Structure formats: C-alpha cells, structure tokens
1. Would region 237-254 turn up any residue that is modelled with pLDDT of 85 or more and within 16 Å of the ligand (Cβ to nearest atom)?
2. Going residue by residue through region 283-296, is there one that turns out to be under 22 Å from the mean Cα position of the chain (by Cα), within 10 Å of the ligand (Cβ to nearest atom), surrounded by 15 or more Cβ atoms within 10 Å (Cβ to Cβ) and free of Cβ contacts under 8 Å to residues at least 60 places away in the same chain?
3. Kindly provide the set of residues from region 102-118 that are farther than 30 Å from Pro222 by Cα and either modelled with pLDDT under 70 or crowded, with 16+ Cβ neighbours inside 10 Å (or both), ordered by number.
4. Is one or more of the residues making up region 327-342 within 16 Å of the ligand (Cβ to nearest atom), open to solvent by less than 40 Å² (accessible area, probe 1.4 Å) and either of a type outside the set (Gly, Ala, Ser) or in contact (Cβ under 8 Å) with a residue 12 or more places away in the chain (or both)?
5. Please determine, by comparing only the residues of region 297-314 that are near the ligand (Cβ under 9 Å from one of its atoms) and closer than 22 Å to Gly406 by Cβ, which one is modelled with the highest pLDDT.
6. Look through region 191-223, keep the residues that are of a type outside the set (Gly, Ala, Ser) and closer than 30 Å to Val334 by Cβ, and return whichever of them is modelled with the lowest pLDDT.
Amino acid sequence: MKVTLITARLRFETAGGVGGTEAGAGENGYLQPIRRDPAPKGKAKGKVSLPGTTIAGSLRAHCAAFDAGLGDLFGDTPEQLADKHGKAEAMRRSQKRNDEKPERAMPSAIQVLGTLLHRRGETFSHTRNSSDRKRGAARTHHFHRVEMLETGTEFDVVLRWDNADEELLERFLDVLKQWHPTLGRGVTRGAGRCSLVGWGRVDYDLDSPDGLMAWLNTERRPNPAETPETRSAETYALDVDLSIVDAIHCGTELNSVNGPKHNTLTAFRHGEEFVVPGSTLKGVLRSRAEYICRVLGLLACKDQQCGECRPCLLFGFAGEENARRGRIAVDDAVIEDAQPDFRPHVAIDRFTGGARDQALYEHEVVAAGWFPMRVRWLGTETGAEAAQDARLLHAVVADLDARYVGIGARTTAGFGTVAVRECRSATFEVSELAGVLRDPVIASTEDVNA
Ligand SMILES: [Zn+2]
C-alpha cells in the first residue's frame, strides 16, 4: 500500500477562527468563545483549534470549483449523506418487497488527519453591537463579545490519501496550491481570510521494507517547504479610500488608560494599529442602503430577516426559518497616518442641569488619517445584478461624502464624518451618483428579477 501525506500550512491574514459550541454569559456580557482542544490537566484552557470538518468542507468546495472531477475526493457532502440516509430509511420502512438496494454512502478518499497549531494562537475579543433602524443609533442590550484568533496565526493541515492515482494526485496538488480559503465565522465582516503559505508531500510505500521503516521511524508529517501560487487578483464591489474629517471612534472597551479618574472608551485596534472593524463598515453600508432603497420605493425589510429584499440578498439575513450569508464581505480597515486623541465628555445631570459628579468620561478617537473601505465579492459576481449592487454601495459612499451619515460611535454628536479621498471602483463620479441611481437602473430591479 502506498500512503501519501500532504501538509498544507494556512495563515490567517485577517483575524478570525471557528467558534466554539459553548456560548454564554461571561463577566463582561455575552461571550462567543473560539473553538479549543480540551484543556490539559491543570490548565484552564486548551489550545485553539481548527476543526477538520471545516477544512474538509472548504477543500471540497475549492476542488469542485476549480476541477469538477476532484469534487468527489472528499466523499458525500453532509446533504448527500442525509439524503441517502433518508432514502434508505424510507425503503426500510416501506412494507413492500423491494429488490432495490439503498445507495451506499461514498467515503472520502482524502482524509483530513488533523490540524496542528503552528504559530501564535493568541486571541483577543471584539465587542459587537447592532444598530437600531428606528433611532439610527446603537441598540441597547445587544452587545456581545466575540473571541478571535490574531492575524498571523498559522495551522498545519495534514491530509492522508491511500493508494492515490498519480494523475489525480497531481491534479489535486495543482488545485491545492491555489487554496486561499476563508474559514470560520464572520466571513462577511472580512474575518478568517487565510492564505496557503506552504505545502509539502511525502509518499510511503508500506509494501517495501525501506518504505515501512521510513513510515515507522520518521516524523511523518511532510515539511510544507513548497511555495504555493499567489492569490489571484480580487474583484471589489467597492474600493474607496476615506479621509477622517471629524474624530472617529470605534470600540466599546472601557479602560482607565489615562489614570483611574478618567473613564476612557478606548479605540479598537489590532496590536498597535487603529482599525475600523469590517462589521462597523458593513453596518453603516447596510443601514444606509436600506434607507436608500426605501427612498427609491424599493423593498427593504425592517428586521433583516425577509430574505427577499435587495439588502437581505446583498448583506445576508437570519430569519426564523432560514438564513443565508450575503454576497459580499467587508474587510477590517487599518487607519493610515492615524492621529489619536482623547475627547472628554461630561454627563449632564438631568435634575440640576449641571455636570453630574463622577461622570467625566472620554473617548479615545482617531482625529485624522484615512482608511480604505473595501467590499469584496464572495463569489465571482458579474452581470446586471452585481452592477446594481455595486451602484447601491457607491450611493452609500456618496451619502457618507455628503455627510448624511457617519461611521462609528457618537455620529449624532459629530463623530465619524468622512470624505472620499480616492475611489478606485466607480466608473462614474461619486458626485454624480445620486443622478445615476435615480436613473432607472436600480429602480428597475423588479423587472430584472422577474
Ligand atoms: Zn429583507
């Protein structure tokens, strides 16, 4: 028997990770932890982990998209399995004598032996909120904290293939070299973008004494020393640089960085860099896109659950009966040339009309700088539908530039005003966009869909 082992090393280019099953109320509100191995004796937490099922699902989809003949290498999909089980069950139950044999489940030729944490594995938590469409501000009691793996975390994925056909194996490696998956939760907020940074392959011939010795003696996992192919150029639905006109604040962490007397709401960052989270940008894009649709007399549901309106299809929805990911992902944006500052506030005592005692607090803000707002297609989007989606997103940019909306916290107090610095994705002037939109391109949505 010939055994082929393949190692693929993945690096998280954006923070992300696969969520654990247990979510619950922690000391700082509702927490969604990352998936971990069981805790070793004497330790509170196990190592962060990447489940093999997630990897198998991603590789299967990648193979099927690039080389249709490779889709079967990972066996039946969970849906196909459920379907086969269902049919077999129905046959068993039906009293009729039936010569038909139930279809057997197809096993996976390639096994995901496991995933091993190679580098880092530190996590941080990111507080999220959702916005109230009626008030246009953050919803109360909707805070939740999401634990995420830091950028740069690396995992080695180890695959095993017994008696592989050499021609199929070569085809698989060709496709594997181009595997740059997006894994785990928060994909539409730009989380979990991974790059293949190396791969390796070793064959063991277990029928020959030398091969068997090698199999038994060596560290079997191949070294991922081979270079993968670089990611092909991305297509963006929106790619624009925004300058900060007025102080911007993203983040909800309360700290005492400036001494115990100051309650400081610190700005969100990755390491040293100030960041506007993809979730914040996505939230602004969605709520304003809904508004624009309503102004134009188009369908836009209020609870992001209908699954039929354009915003639901573009940004995703989570209804009671069904839910689907949107068509786009919005990346976290690092603020360039960031100038941090602190803005103090005093809470007003509603009874005396004066400042309330002990109620001095401040926001850590980024007073100047610029950042890219990038919206990526999750699939390969083309055609009229995608063009209309892109126009709707650019209409939101025009509204941001016109200062009808802001980004981040306290926009009602003048925070978060931005202006377009450079727009790479529009083929039309942003200033002309209002006119372009009112011209019946978006308004004819229904006709196109019908
Ligand atoms: Zn909807």
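1. Scanning region 237-254 turns up no residue that is modelled with pLDDT of 85 or more and within 16 Å of the ligand (Cβ to nearest atom).
2. Restricting attention to region 283-296, the residues satisfying the condition of being under 22 Å from the mean Cα position of the chain (by Cα) are 283-290.
Those still in the list that are within 10 Å of the ligand (Cβ to nearest atom) too: 290.
From what is left, the residues that are surrounded by 15 or more Cβ atoms within 10 Å (Cβ to Cβ) are 290.
Pick out the ones that are also free of Cβ contacts under 8 Å to residues at least 60 places away in the same chain and you get none.
No, the conditions are met nowhere in region 283-296.
3. Step one: filter region 102-118 for residues farther than 30 Å from Pro222 by Cα, giving 102-105.
Matches in region 102-118: Pro102 only.
4. Looking only at region 327-342, we keep the residues that are within 16 Å of the ligand (Cβ to nearest atom), and these are 327-328.
Add one more test, that the residue is open to solvent by less than 40 Å² (accessible area, probe 1.4 Å), and what stays is 328.
Subset that is either of a type outside the set (Gly, Ala, Ser) or in contact (Cβ under 8 Å) with a residue 12 or more places away in the chain (or both): 328.
Yes: region 327-342 contains one or more residues that are within 16 Å of the ligand (Cβ to nearest atom), open to solvent by less than 40 Å² (accessible area, probe 1.4 Å) and either of a type outside the set (Gly, Ala, Ser) or in contact (Cβ under 8 Å) with a residue 12 or more places away in the chain (or both).
5. Here is the first cut: in region 297-314, the ones near the ligand (Cβ under 9 Å from one of its atoms) are 299-313.
Applying the additional criterion that residues be closer than 22 Å to Gly406 by Cβ yields 300, 302, 304, 311.
On the way: Ala300: 89, Lys302: 87, Gln304: 86, Pro311: 92.
Among them, the one singled out is Pro311.
6. Residues of region 191-223 of a type outside the set (Gly, Ala, Ser): 193-194, 196-197, 199, 201-207, 209-210, 212-213, 215-223.
Checking the rest, the ones that are also closer than 30 Å to Val334 by Cβ come to 193-194, 196-197, 199.
Values: Arg193: 87, Cys194: 90, Leu196: 93, Val197: 92, Trp199: 93.
The residue in question is Arg193.
The values are calculated or read from the model by the stated rules, or taken from the named source; none is laboratory data. A quick note: this is a predicted structure, and the numbers were derived from the prediction, not measured. Positions of Cβ are backbone-derived with ideal geometry, glycine not excepted, and every protein chain shown enters the neighbour counts. For accessibility, only protein heavy atoms count, side chains too; no ligands or nucleic acids. Shrake-Rupley method; radii C 1.70, N 1.55, O 1.52, S 1.80 Å.
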